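Visitor: There's a structure below that I have some questions on.
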Amino acid sequence: MKTLKILMVAPLLLQSSLVFAEYKLGNWDLTTKVGFGAQLSNGAEGQSAKFAEYSDVRDSALGYASITGEVGAYHLGFDASRIGLKDQSYVLDGGSYGTFNYSVYYNSLFHKFSVGAVSLYDPATVGTGSLTIPSTVTVASPETWGARYDYTLTKKTYGVDASYDTGAPYSFGLGFNQVKEDGLRPLGVTSRAASTGGVTLPEPIDYKTNNFNANVGYKIGDWATNLNAMLSKFTNANPTLQYASPVAGQGSPIAYLAPKNDYYKLAWQNVIMSLPLNSTVIAKASYSKLSNTLDMPRSVGETTPGTTPDIGSFDGNIKYATANLSWAANPLDKLDTKVYYNFLRKWNRSTQITFPAGPSITSPVTNALFGYYKHNGGVDAGYKLPLSTRLGAGYEHLKIHRDRKDAVNTRDNMVYAELRNSHFDIAQMKVKYQHLARTGDFEGTFPGATVYYRSVDVTSKKQNKVTAGFDVAPIEHLDLGIEYSYSKNQYNPTQRLYGRTKDTVNGIFTDISYEMPKLFKVAAFAGYEKGVIDTLRTAGNNMTKDPALPDTTNAFKVNLYENNRGWEYGLGLDIPVIEKKWDVSLGWEQYRNDGGINFNGGDPALAVGSSGGPRVDISNFNDSLTTVVRAKTKYQFTENLSATANYMYERQTYSDFGWDGYVLNPSGMFMTGEYSDNEYKAHTGYLVAEYRF
Amino acid sequence: MNIGKGKSRFLLVMLLAGFAFGTSSAFAAIDQGAVDKCKACHEDEVTNFVKGTHHGKVFAAGDKQNSCESCHGPGEKHIAAGGSKDTIIGFGKKSEQSVEEQSKQCLSCHAKNKSVAMWDIGKHKKNDVSCASCHSTHVEKDMKAPENCFSCHKDVKAQAKRFSHHPIIEGKVSCSDCHNPHGTTSHGMIKAENNNQLCYKCHADKRGPFVWEHAPVEENCNNCHVPHGSQNMKLLTRRAPYLCNDCHSANHSAGTTLDATNGFKGTAPTNKTFARGCINCHNKIHGSVAPANTNDKYMSGQYFVR
């Protein structure tokens, strides 16, 4: 698995904070580590985006360094990892213990979505805000498409933080960072005035976000209060993307990209400890505002533009307010309690625009300003029983009121009970049961419409959850842990509606390790999770028919049963061949997912797969298998000098009915191969020499 | 090297400035005599302590003991009793002290830290997680490594390794970037008032404000996404188009149940199903600032296709 390459390197890097050899520089006690080597891969960039999704695996030099130093109360640290690579990072931090701290950092993160994407647009225009089709391209012949590029985003963050906190009444903190993100991302839009046509565009990304925060705190005795201010400004150098439609006569429409915004937030936090009943009270409040002003376009450049009121600009204006009050207490020696209340409100005061009716949408259209508020409160209690057993129980209520015509209110009532035991030194166990009852306004009808489907996020439901865990160390150096979870949602079984009716998830995860000190350590893990989603739908497009009515010709219901089964398992072996001199580590892991959808229903009188007829089961659905084999050895030549060699074999297979047989130009579509390169097989390795002084 | 000359020079200057800054000891050194008493039996622990996590730091609080006893309490009885565990304050699973007693010992110095101010209200305290459950008091430990959390949160460990995941195991996103393990008043101990405010910190392009909002998106990112990892692309809770159909059952002729015939290899391929499904065209699903077009709804921001 491509993601594990960093895991191979990580232990080397993480050790940078360990203190080994030391030397003096003036008054400073210093520990320094420098590593240099090379990484190689036969499956470097170009093979699969998934292989290199977050990791720079190019054949290249590999370097890292760290310095930690102390003199008296002062400390200083510097870490540089994967120097020069696309996923490099640098951190310099220091300060004086108990007085002040500062940190200066730079971090580069990249995310690769696809390699070798193919587009019909002029390569010279890819990455710009205006895409044209060269005359040499025949849009229906992908072999004439000339643009080749990768979909990759690179996010670079650099900033500085500083804080002053002596534990005396006042504390201060300041921070600033800038995040720059650039690259290309696939953007899917319609290509013409029909629902069957779409085109994938290389969306140019050139974002910049400046974040500033400041806080001041005051603490005296058992009372601490803190005021925090945050400013964040997001800008996008490419607010629009104009593209030549590959469909004749459709002109050059415009896609509107991420809008700029300004965000600020003020937050206050107040903590009072050691109150009567051994209690702590926390009160918090925040207010934030998100705004922007955008030129309101009159059209999206289409050949048949609608009528847009000449309002000049759109003023985005969203405000959030939150409040929280929590009280945790120990009224009895064996009893702990918590009572809490949370409030959140979102106001949307943005510009509202009414677009006159037209041939395609025959009623005037006004953008809805979505706002909501949440009241959330609850109580928890735990009681210590004999034999280190704790019995806990709680209740929580959540009410959400939305400015949304189809689903105004939902009310959640949740109760839970849990039992924990840690009486035996060698074992701990826990089990928890939770029941949630949600009632929602959204049940088939809302003003102006009668519908027979549910929206899964706001519909009434009952949820049952069970979690259990058991950790045991029966003998010294042997540890075993097991965790089980079960969750079931039943969506209002009393009302027959189309949509999701039930879903369940069962998961069990375990790990075990055994160590014979100075000889070996072996570890294994295994996990299995099965998720099933049941949905009621129709075989044809008959969602306006009351599902409570019996099936009729051409209007048959269909039950859809989606299942996903995931496995993970692995073995690891660490052998100190020569203690503190030569270590060998071996590992093997597999991650597998097997999904599918079975259908039941449809009009048997119609052809299988035809509209209204029985559906065709899907057997390959998110099917993937990832295998990782790794070997690592480290040899300590001297107290200061060591070398590490690492080898990894990775293979991933992927099959899904929606991606298998991918073509760039299916009927009415002009695609680029985005997200389609998920299979790979690769050998990777690195060799690093490390010197500590 | 991609960091750029300007930034590298800045880091170098800061590094050198840091060395120039510290010139004298501001507090007492370790009480070697007291430490040596413990070293007779606990050589490795003392060696690690002197060089490890609390090297110097423990003394900045003005503790006068400057030794192992700063945390473990007086050791005379322990020595006299031949090292029995019940005569000394211990940490971890094998401690004779309760979780509360262990944590209290740590909080006697660390309670002033803002990040632990809400420890009393957090889930970890309630669930008998002690400071030593995660932290190593002797040996320096990378607290950003996800394995610290995975040892208990095994389900999250499995999610983080799924086909689609945030770069957690790659070390580019740490658990503590989103969660405060020391306690918050928010659900899931996240570092924000709600999920969206947390996600928008990194995904500022999704903030809006938009002319056309998608209400479930604005209310809770988790309506469609699993933050730790998913078998579905883009961290989705379910594969499109079936995820979209969970709400949009009757729109856009979607009442037709899409099946195996609708993939690339099927007898009736459709862009509602193959590849990214609905997202093939409705890519602006997080919100759009394009105008509505009542003459041609397929060219309209209202339907998140622009």
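The values are calculated or read from the model by the stated rules, or taken from the named source; none is laboratory data. Please read all numbers here as calculations on a predicted model, not as lab measurements. A quick note on method: Cβ atoms are made from the backbone with ideal geometry, for glycine too, and the neighbour counts reach across all protein chains shown. Heavy atoms of the whole protein, side chains included, go into the accessibility calculation; ligands, DNA and RNA do not. Shrake-Rupley method; radii C 1.70, N 1.55, O 1.52, S 1.80 Å.
Visitor: Can you find, among B:I89, B:G73, A:G306, the residue sitting farthest towards the positive end of the charge dipole of the protein assembly as shown, where Lys and Arg contribute +1 and Asp and Glu -1 at Cβ?
Guide: After comparing all options, I get A:G306.
Visitor: Using a 1.4 Å probe, how large is the accessible area of A:W582, given in Å² and rounded to the nearest 10?
Guide: 90 Å²
Visitor: What is the dipole size for segment A:510-569, taken about its Cα centre, with +1 at each Lys and Arg Cβ and -1 at each Asp and Glu Cβ, in debye to the nearest 20? Don't skip to the answer; put the middle values down first.
Guide: Details: 7 positive and 8 negative charges, 18 e Å.
Computed charge dipole of segment A:510-569: roughly 80 debye.
Visitor: For segment B:198-306, what relative contact order do you get, as a whole percent, if you take Cα pairs closer than 8 Å and at least 6 residues apart? It would help to have the intermediate numbers written out before the result.
Guide: Values: 129 pairs, mean separation 26.0, N = 109.
It comes to 24 percent, rounded to a whole number.
Visitor: Could you tell me what fraction of 2.2 N^0.38 Å the Cα radius of gyration of segment A:385-515 comes to, as a two-decimal ratio? Numbers along the way, then the final one.
Guide: On the way: Rg = 20.5 Å, N = 131, 2.2 N^0.38 = 14.0 Å.
Dividing the Cα radius of gyration by 2.2 N^0.38 Å gives 1.46.
Visitor: Given R₀ = 35 Å, what would the calculated FRET efficiency be for A:T638 paired with B:S115, taking r from the Cβ atoms and rounding to 0.05? Before the final figure, lay out each step's value.
Guide: Details: r = 40 Å, r/R0 = 1.15.
E between A:T638 and B:S115, to the nearest 0.05, is 0.30.
Visitor: Please report, to one decimal in angstroms, the Kirkwood hydrodynamic radius of segment A:25-114 built from all distinct Cα-Cα pairs. Kindly include the intermediate steps, with their values, before the conclusion.
Guide: Working: mean 1/r = 0.0661 Å⁻¹.
After inverting the pairwise mean of 1/r, the radius is 15.1 Å.
Visitor: Next up: Ignore the peptide's own chain and count Cβ atoms of other chains within 10 Å of each Cβ in A:267-278; give me the average, rounded. Each step should come with its number before you reach the end.
Guide: Details: counts 2, 0, 4, 1, 7, 0, 5, 0, 0, 0, 0, 1.
Taking the mean over all residues of the peptide, I get 2.
Visitor: Once you compute Rg and the Kirkwood Rh from C-alpha atoms, what is the Rg to Rh ratio for segment A:123-196?
Guide: For segment A:123-196, the value is 1.35.
Visitor: Mean residue ellipticity at 222 nm from the helices of chain A, using -39,500 (n - 2.57) per DSSP H segment of n ≥ 4 over the full residue count, to the nearest 500 deg cm²/dmol?
Guide: Details: 1 runs with 11 residues, N = 693.
Computed ellipticity for chain A at 222 nm equals -500 deg cm²/dmol.
Visitor: Calculate the dipole size of the protein assembly as shown relative to its Cα centre from +1 charges on Lys and Arg beta carbons and -1 charges on Asp and Glu beta carbons; express the result in debye to the nearest 20. Don't jump to the answer; show the numbers that get you there.
Guide: Details: 104 positive and 94 negative charges, 287 e Å.
That gives a dipole near 1380 debye.
Visitor: Between segment A:587-665 and segment A:142-193, how many Å separate their Cα centres?
Guide: 29 Å
Visitor: Can you give me the % of accessible surface on the protein assembly as shown that is carbon or sulfur? Probe 1.4 Å, all protein chains present, nothing else counted. The partial results should precede the final answer.
Guide: On the way: 24940 of 42200 Å².
Carbon and sulfur together cover 59 percent of it.
Visitor: Does any residue of segment A:497-513 lose at least 10 Å² of accessible area with all protein chains in place compared with its chain alone, and if so which ones (probe 1.4 Å)?
Guide: A:G499, A:R500, A:F509, A:D511
Visitor: Here's a follow-up. Among the lysines in segment A:515-672, how many pairs, 8 or more places apart or on different chains, have alpha carbons under 23 Å apart?
Guide: 13
Visitor: Here's a follow-up. Given the whole protein assembly as supplied and a 1.4 Å probe, what does the accessible area of A:M296 come to in Å², nearest 10?
Guide: Accessible area of A:M296: about 20 Å².
Visitor: For a Förster distance of 25 Å, can you work out the FRET efficiency between the beta-carbons of A:Y383 and A:H435, rounded to the nearest 0.05?
Guide: On the way: r = 20 Å, r/R0 = 0.80.
Computed FRET efficiency for A:Y383 and A:H435 comes out at 0.80.
Visitor: Taking Cα pairs under 8 Å and at least six residues apart, what relative contact order does segment B:130-223 come out at, in percent?
Guide: On the way: 60 pairs, mean separation 14.1, N = 94.
This gives 15 percent for segment B:130-223.
Visitor: Something else: Over the Cα atoms of segment A:215-284, how large are the radius of gyration and the largest Cα-Cα distance (Dmax), in Å?
Guide: So, for segment A:215-284, Rg and Dmax equal 25.1, 77 Å respectively.
Visitor: Using only the heavy atoms of the protein chains and a 1.4 Å probe, how would B:C202, B:C106 rank by accessible area, largest first?
Guide: I get B:C202, B:C106, largest accessible area first.
Visitor: Let me ask something else. Where does segment A:158-230 land on Rg(C-alpha)/(2.2 N^0.38 Å)? Spell out each step's value before the answer.
Guide: Working: Rg = 22.9 Å, N = 73, 2.2 N^0.38 = 11.2 Å.
Cα-based Rg divided by the globular estimate yields 2.04.
Visitor: Tell me, what is the 1.4 Å probe accessible area of A:W28, in Å² to the nearest 10?
Guide: Here the accessible area works out near 10 Å².
Visitor: Give the B-A buried accessible area in Å², both sides summed, 1.4 Å probe, nearest 100.
Guide: Working: alone 20770 and 35720 Å², together 42200 Å².
Chains B and A together bury approximately 14300 Å².
Visitor: Ratio of Rg to Rh for segment B:157-306, alpha carbon only, Kirkwood? Let's see the in-between values first.
Guide: Details: Rg = 17.5 Å, Rh = 17.2 Å.
With Rh from the inverse mean 1/r over Cα pairs, Rg/Rh is 1.02.
Visitor: Here is a follow-up. Around B:S174, under 10 Å between beta carbons, what's the net of Lys plus Arg minus Asp minus Glu among the other residues? Don't skip to the end; give the middle numbers.
Guide: Working: positive: B:K144, B:K172; negative: B:D142, B:D177.
Summing Lys/Arg as +1 and Asp/Glu as -1 gives 0.
Visitor: Ordering A:R500, A:R537 from largest to smallest accessible area (1.4 angstrom probe), what's the sequence?
Guide: Highest to lowest solvent-accessible surface, that is A:R500, A:R537.
Visitor: If the chain between A:A229 and A:L153 were fully stretched, how many nm would it gain, using 0.36 nm times the residue separation less the Cα-Cα distance? Spell out each step's value before the answer.
Guide: On the way: separation 76, 0.36 × 76 = 27.36 nm, distance 2.96 nm.
Full extension of this stretch gives 24.4 nm more.
Visitor: Show B:F264, B:F274 ordered by accessible area, largest first, where the area counts protein heavy atoms only and the probe is 1.4 Å. The partial results should precede the final answer.
Guide: Details: B:F264 25, B:F274 0 Å².
Accessible-area ranking of B:F264, B:F274, largest first: B:F264, B:F274.
Visitor: How many nm separate the modelled label positions at A:K24 and A:H477, each set 7 Å beyond the Cα in the direction of the Cβ?
Guide: Inter-label distance under the simple model: 4.1 nm.
Visitor: A further question on this structure: Multiply the residue gap between A:V160 and A:F520 by 0.36 nm, knock off their C-alpha separation, and tell me the result in nm, one decimal place. Write down the numbers at each step before the final one.
Guide: Values: separation 360, 0.36 × 360 = 129.60 nm, distance 4.31 nm.
Taking A:V160 through A:F520 to full extension adds about 125.3 nm, to one decimal.
Visitor: What is the Cα coordinate range of chain A on the first, second and third principal axes, sorted by size from largest, in whole angstrom?
Guide: Largest first, chain A extends 80, 70, 55 Å along its Cα principal axes.
Visitor: Continuing with the same structure: With a Cα-only, solvent-free Debye model of segment A:298-448, what are the log10 I(q)/I(0) values at q = 0.15, 0.21 Å⁻¹?
Guide: Values returned for q = 0.15, 0.21 Å⁻¹ are -0.95, -1.28.
Visitor: Compute the accessible area per residue over the protein assembly as shown, keeping the other protein chains in place, probe 1.4 Å, unit Å².
Guide: Values: 42200 Å² over 999 residues.
Spelled out: the 1.4 Å probe surface of the protein assembly as shown, per residue, equals 42 Å².
Visitor: How much FRET efficiency would the formula 1/(1 + (r/R0)^6) give for A:L687 and A:K580, where r is the Cβ-Cβ distance and R0 is 25 Å, rounded to 0.05?
Guide: Details: r = 21 Å, r/R0 = 0.83.
With R0 = 25 Å, the Cβ-Cβ based efficiency is 0.75.
Visitor: Here is a further query. Could you work out the pair-distance distribution P(r) of segment A:335-409 from its alpha-carbon pairs, with 5 angstrom bin width and percents rounded to whole numbers?
Guide: Computed distribution, short to long bins: 3, 12, 13, 12, 12, 10, 8, 7, 6, 5, 4, 3, 2, 2, 1.
Visitor: A further question follows. Can you bin every Cα-Cα distance in segment A:546-693 into 5 Å intervals starting at zero and give me the percent of pairs per bin, rounded to whole numbers?
Guide: Computed distribution, short to long bins: 2, 8, 11, 10, 11, 11, 10, 8, 7, 6, 5, 4, 3, 3, 2, 1, 0.
Visitor: Also, quick follow-up: Extent of segment A:206-356 along each principal axis, from alpha carbon coordinates, in Å, largest to smallest?
Guide: If we take the Cα atoms of segment A:206-356, the spans are 79, 30, 29 Å.
Visitor: Less than 18 Å from a label point 7 Å out along the Cα-to-Cβ axis of A:T544: which backbone N atoms in segment A:602-637 qualify, by residue?
Guide: Zone members listed by number: A:612.
Visitor: Then there's this: Would you mind working out the magnitude of the charge dipole of segment A:225-301 relative to its Cα centre, with +1 at each Lys and Arg C-beta and -1 at each Asp and Glu C-beta, to the nearest 20 Debye? The partial results should precede the final answer.
Guide: Numbers: 6 positive and 2 negative charges, 22 e Å.
Approximately 100 debye in magnitude.
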